[in-house]
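Okay, structure first, notes after.
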Amino acid sequence: EPVLVLEGVCKTYGEGALAVEVLHDIDLRLQAGEFAALIGPSGSGKSTLLNLIGLLDRPSRGRLVIAGHDTGALPEAELTRLRGRALGFVFQHHHLINAFSALENVMMPLLVERGRQDAAMRATAARLLAQVGLGDRLDARPDRLSGGQQQRVAIARALTMGPPLVLADEPTGNLDTQTSDAVFSLLREVNRAQGTSFLIVTHDPRLAARCDRIIELVDGRIVADHPA
Ligand code: ADP
Ligand code: ADP
């Protein structure tokens, strides 16, 4: 069963005489458990595509289905709910809140949804932090952690709501080679352990080669889509 379906998706920026179509007729399907890289030169449309799939922007044309929900029909509030439940996000920068502990950062998505803390929430966050190798740093502030550890907390936070699909935009872009390899291995472990699908934007051919599938975008079109 696919976690993601795009059919004939186009995206145009601007209007009238200034309109420019930057994504053309994108067809893409991601099955549950797939671990895919999205590659392509700068300006090819990777961020635009990720913004559409991440429900931060809407396609100008075509169909986008996330975890069985046809998003075209959904009002803004429903999109926000779907984003919270069906998608996890990992960015190049970790976007953690330094005033909160690692545990509190990981709890945040649950806290936002439920409105108040409880013991089960703390337990979920602690389990996720243990899974990413930070079981002994629950109370650490993000600014006291290394870059690799910060990114591990960000990965744990992306998993808090148990999303079927995680979107990762250059998740190791700020890290040295060794740390980057270890963080990437962690994504792979999560994928294998709980069947979470990943779509990972990367400029690093070494990391793309470690994915199951490589999707290549050039000038707003998918020009290649094959096993790594
Ligand atoms: P890279 O491909 O190296 O990741 P990008 O070319 O995507 O870098 O640029 C970085 C950021 O700038 C992205 O978030 C992208 O959405 C934004 N961006 C790129 N081109 C434009 C543009 N013409 N107008 C507004 N934002 C843009
Ligand atoms: P990538 O992430 O692969 O670098 P982007 O999705 O950022 O590519 O950009 C794809 C194309 O869309 C580029 O030509 C970029 O300049 C243009 N673009 C991106 N964001 C905007 C925007 N907000 N307004 C107008 N053009 C944009």
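Other residues whose C-beta falls under 13 angstrom from the C-beta of Ala228 contribute a net charge of -1, scoring Lys and Arg +1 and Asp and Glu -1. Sequentially through region 60-65, phi angles give Karplus couplings (6.51, -1.76, 1.60; θ = phi - 60°) of 6, 7, x, 10, 10, 10 Hz, Gly and Pro residues having no value and appearing as x. Could you tell me which of rounded, prolate or oblate describes region 179-218, using a ≥ b ≥ c as the square roots of the eigenvalues of the alpha-carbon gyration tensor, with rounded for a/c under 1.5 and, failing that, prolate when a/b is larger than b/c and oblate otherwise? It is oblate, given that a/c is not under 1.5 and a/b is not larger than b/c. Under 1.5 on a/c is rounded, so check that first for region 1-109, then, if it is not, pick prolate when a/b is larger than b/c and oblate when it is not; a ≥ b ≥ c are the square roots of the alpha carbon gyration tensor eigenvalues. Note, shape of region 1-109 comes out prolate.
Could you work out how much longer the chain between Ala17 and Leu111 gets when fully extended? Use 0.36 nm per residue separation minus the Cα distance between them, nm to one decimal. Don't skip to the end; give the middle numbers.
Working: separation 94, 0.36 × 94 = 33.84 nm, distance 4.54 nm.
Full extension of this stretch gives 29.3 nm more.
Which distance in Å, rounded to a whole number, links the C-alpha centroids of region 22-70 and region 150-191? Each part's Cα centre sits 19 Å from the other's.
Less than 15 Å Cβ to Cβ from Met107, Lys/Arg counted +1 and Asp/Glu -1: what total charge do the surrounding residues give? Don't skip to the end; give the middle numbers.
On the way: positive: Arg114, Arg116, Arg122, Arg127, Arg137, Arg141, Arg157; negative: Glu104, Glu113, Asp118, Asp139.
Neighbour charge sum, excluding Met107 itself: +3.
A simple count of charges around Thr12, restricted to other residues whose Cβ falls under 10 Å of its Cβ and scoring Lys, Arg +1 and Asp, Glu -1, yields 0. For Arg61, nonlocal amide neighbours, meaning residues 5 or more places apart or on other chains whose placed amide H falls under 5 Å from its own, are Cys10.
Read-outs: derived from the displayed coordinates by stated rules, not from any lab. Remember, it's a predicted structure, so these values are computed and weren't measured experimentally. Here the Cβ is made from the backbone with ideal geometry for all residues, glycine too, and neighbour counts use every protein chain on show.
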